[in-house]
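Input: a single structure, listed below in structure tokens.
The values are calculated or read from the model by the stated rules, or taken from the named source; none is laboratory data. No experiment lies behind these values; they were computed from the predicted model shown. So basically every Cβ, Gly included, is an ideal-geometry build from the backbone, and we count neighbours across all protein chains shown. Ligands, DNA and RNA are excluded from the accessible area calculation, which covers all protein heavy atoms including side chains. Shrake-Rupley method; radii C 1.70, N 1.55, O 1.52, S 1.80 Å.
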There are 2 protein chains.
Amino acid sequence: MARRPGRTRPSAGATISDVAEAAGVSRATVSRVMNGRPTVSPEIAARVRQVVEELGYNPSRVAQSLSLGKTLTVGVIVPDLGNPTFQQILHGVNQAAATAGYRVLVADSAESAQDEPPLVEDVRRRTDAVIVCSPRMRTDELEALLPRVQPAVLINRDEPLPATRVVVDSASGVASMCRHLIRLGHRRILHLDGPIGSNAQAARMRGLTLIAEENPDIELLRMPGGSSMDAGYEAFDAVMSTGATAVLGFNDLVSLGLLGAARERGVVVPDELSVAGFDDIPFARFSTPPLTTMSVDLEAVGEAAWRALEDRLRSVVDADLRVFTPALVQRASVGLAP
Amino acid sequence: MARRPGRTRPSAGATISDVAEAAGVSRATVSRVMNGRPTVSPEIAARVRQVVEELGYNPSRVAQSLSLGKTLTVGVIVPDLGNPTFQQILHGVNQAAATAGYRVLVADSAESAQDEPPLVEDVRRRTDAVIVCSPRMRTDELEALLPRVQPAVLINRDEPLPATRVVVDSASGVASMCRHLIRLGHRRILHLDGPIGSNAQAARMRGLTLIAEENPDIELLRMPGGSSMDAGYEAFDAVMSTGATAVLGFNDLVSLGLLGAARERGVVVPDELSVAGFDDIPFARFSTPPLTTMSVDLEAVGEAAWRALEDRLRSVVDADLRVFTPALVQRASVGLAP
DNA sequence: CTGAAAGCGCTTACAG
DNA sequence: CTGAAAGCGCTTACAG
């Protein structure tokens, strides 16, 4: 026999067998009633329903999953659940998945590229599919992993890979912002770089290169910055010393740091210096002055990832690419060149 | 027979039977090898491992869950995944649960009190336990639900209930802030109320009542406000008309709105008016001036909820209460009474 | 050290 | 309309 030692269902719930016995029917019949199949006589169905009520019977989803071969659950793996970007994407995925009757299992790799592959595999084994958000692992590792975890959707990974991808076109984002600055008369524009080697920073550089080619007469400067408010704050003096009339932070946090330093130094934004951000985080609207930035609807990104997965679950599509283009949000931190 | 129509495992993975057959051993032996049981001869174990490698075998977590009677998954139900408060709590739960080898299934009730009970039940059926965060449902509904979903932990629900609860003591939080203001010489203090009927607003009122009793000489005013930045912004003129020297927003957003309006009106904070917040959201540090507020470590709240659940899973404890007391964070938006 | 067998709690094709 | 039976993919007590 295989009776377990103590382990039973924690809340000691009734099983389908309990209901069948109490109602004097077979388990098949109970199953049919629970699933609303019409081929059950009304009297029997009523009796079963009453027993279900009395016993507080609730079918085990685990058993259903095993029997049906699907869990109605999708995994979402992010590098850091504390990061608002991933929180918004998660929210978008969850909303869309819930509408389709799916639940979301989350996992956080704590920014560890090394832990990612086994984590994704583990999550996939408990779910029907995975959405991998901004994976930090190398491309070759990702290529080795993908066949083991399909159906899978990748968010924010720019290389071509054998999976559906949802990406934000940051390159065209910076380019848009630069064109806006140029239209306002800025001729010397500075970009504060983000983490070297990051996917986002690579995209920014592609955008800047594009602008440089389009506008040979514009001075496009770059300087190491970072991705935090402090990084922006500390870079301020160096920024001013370049003589640029407009500065583009790697993200909104950096630009908010610049704004704080400008206020302390008595530099008037945007009269003396235009400051542009990237991301449109919720607080960008409330800084002094409000931040002009590039906006991406991250919840829509999460929703698109879910839609892509839905298509894959129905095997409508094999691998494709869905691109989100950031939109310029004009507020008060950017103005005409002095 | 019960062969399914098309339905097989989506990624067509190998099963334990495939491995057993290929390695020429029983499924029991494969299981032992996979679980690192020492009672397998080294040669056989090595052969099994090689086949596992060749076939890319990965045990089904669903089957394991059914067999073992546990999923190693915990459910977290929140009213709104887009709310930073719940995002931080979720992050804390996830970190602590991951350390213990558990995964987190999230669900969002979209602020619908009505949808909560069935949602919690559904989540519970797929997991070993649930953490229900700031449930919106009525107390009697919660009482009816709890026995069906144990083990369960409740976050931010102030009534005594048959479950372990983790609560933030907002009442003592407002009281602390009021005492701080009184020490600074403020004699007329205004509280901008939040959503009427909310758990948090009720707690605020308890705190204010306590202060009124302690300090009969202090004028403690109240006024309808709200929970958003706009609410704070719009209440500003009314706030000024009360002649209060210090105002306490329902939360940081409200207070940030007040700060914005003060700047526009040329009212100097804190010289002419002290503005205090509640929550210590990440941006409270970066407003102008930085916001004095009551801080709660929400990730620690999430972590505590997990710990409480761990105790319940080991049935160490039946029901208890873990209280977090907000801490005063002094920044520059509060000063001596004029 | 190893395997045959029973069991976890469901679903459904098949045969009345 | 209903039930007996097989199966989903694992684990483990029991008996060698």
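Calculate, in whole percent, how much of the Cα-Cα pair population of the protein assembly as shown lies beyond 47 Å. Kindly include the intermediate steps, with their values, before the conclusion.
Numbers: 61534 of 228150 pairs.
Taking all Cα-Cα pairs of the protein assembly as shown, the fraction more than 47 Å apart is 27 percent.
For the protein assembly as shown, the solvent-accessible area works out to 44 Å² per residue, with a probe of 1.4 Å and every protein chain left in place.
Note on B:Ala202/A:Val323: beta-carbon distance plugged into 1/(1 + (r/R0)^6) with R0 of 35 Å gives a FRET efficiency of 0.15. Taking chain A as a Gaussian network, where each spring joins two C-alpha atoms under 10 Å apart, which residue of A:Gly277, A:Gly243, A:Gly257 fluctuates the most? Between A:Gly277, A:Gly243, A:Gly257, it is A:Gly243 that shows the largest mean-square fluctuation.
The distance separating the Cα centre of the range A:192-258 from that of the range B:255-286 comes to 30 Å.
Compare A:Thr288, B:Thr73, A:Thr209, B:Thr99 by solvent-accessible area with a 1.4 Å probe and give them largest first, with all protein chains kept in place. Don't jump to the answer; show the numbers that get you there.
Values: A:Thr288 50, B:Thr73 10, A:Thr209 70, B:Thr99 120 Å².
Putting A:Thr288, B:Thr73, A:Thr209, B:Thr99 in descending order of accessible area: B:Thr99, A:Thr209, A:Thr288, B:Thr73.
Provide the FRET efficiency to the nearest 0.05 for the A:Gln330-A:Asn35 pair, computing r from the beta carbons and using R0 = 45 Å. Show your work: numbers first, answer last.
Working: r = 55 Å, r/R0 = 1.21.
For R0 = 45 Å, the calculated efficiency reads 0.25.
Considering all alpha-carbon pairs of the range B:16-59, what whole percent are spaced by more than 17 angstrom? Kindly include the intermediate steps, with their values, before the conclusion.
Values: 128 of 946 pairs.
Percent of Cα pairs beyond 17 Å in the range B:16-59: 14.
Which of A:Glu121, A:Glu234, A:Glu43 moves most in a GNM of chain A, Cα contacts under 10 Å? Residue with maximal mean-square fluctuation among A:Glu121, A:Glu234, A:Glu43: A:Glu43. A convex hull fitted to the Cα coordinates of chain A yields 188 cubic angstrom per residue. For chain B, the relative contact order is 16 percent, taking Cα pairs closer than 8 Å that sit 6 or more residues apart in sequence and dividing their mean separation by the residue count. Simple spin-label estimate for A:Arg179 and A:Ala144 gives 4.2 nm between the two label positions (7 Å along the Cα-to-Cβ direction from each Cα). Distance between the modelled labels on A:Ala212 and B:Asp230, one decimal in nanometres: 4.4 nm (7 Å Cα→Cβ projection).
Considering chain A as a Gaussian network with a 10 Å cut-off on Cα pairs, which listed residue, A:Ser109, A:Ser17, A:Ser228, attains the greatest mean-square fluctuation? Residue with maximal mean-square fluctuation among A:Ser109, A:Ser17, A:Ser228: A:Ser17.
Per-residue mean of other chain beta-carbon atoms within 10 angstrom of the beta-carbon, peptide B:55-64? Write out the running numbers ahead of the final one.
On the way: counts 0, 2, 0, 6, 1, 5, 9, 15, 4, 4.
Average per residue, whole number: 5.
Heavy-atom accessible surface of A:Leu210, to the nearest 10 Å², is about 70 Å², with a 1.4 Å probe and all protein chains retained.
Report the relative contact order of the range A:170-297, percent, no decimals, based on alpha-carbon pairs under 8 angstrom and at least 6 residues apart. Before the final figure, lay out the partial values.
Numbers: 229 pairs, mean separation 30.6, N = 128.
This gives 24 percent for the range A:170-297.
Largest accessible area first, the residues B:Thr15, A:Thr29 order themselves as B:Thr15, A:Thr29 under a 1.4 Å probe with ligands, DNA and RNA left out. Counting only heavy atoms of the protein chains and using a 1.4 Å probe, A:Leu55 has close to 70 Å² of accessible surface. The largest accessible area among B:Arg138, B:Arg126, B:Arg188, A:Arg61 belongs to the first residue in B:Arg138, B:Arg188, A:Arg61, B:Arg126, and the rest follow in falling order (1.4 Å probe, all chains).
Please give me the summed charge of the neighbours of A:Asp237: other residues whose Cβ is under 12 Å from its Cβ, Lys and Arg +1, Asp and Glu -1. Display every interim value, and only then the final one.
Values: positive: A:Arg265; negative: A:Glu234, A:Glu264.
Around A:Asp237, the charge tally is -1.
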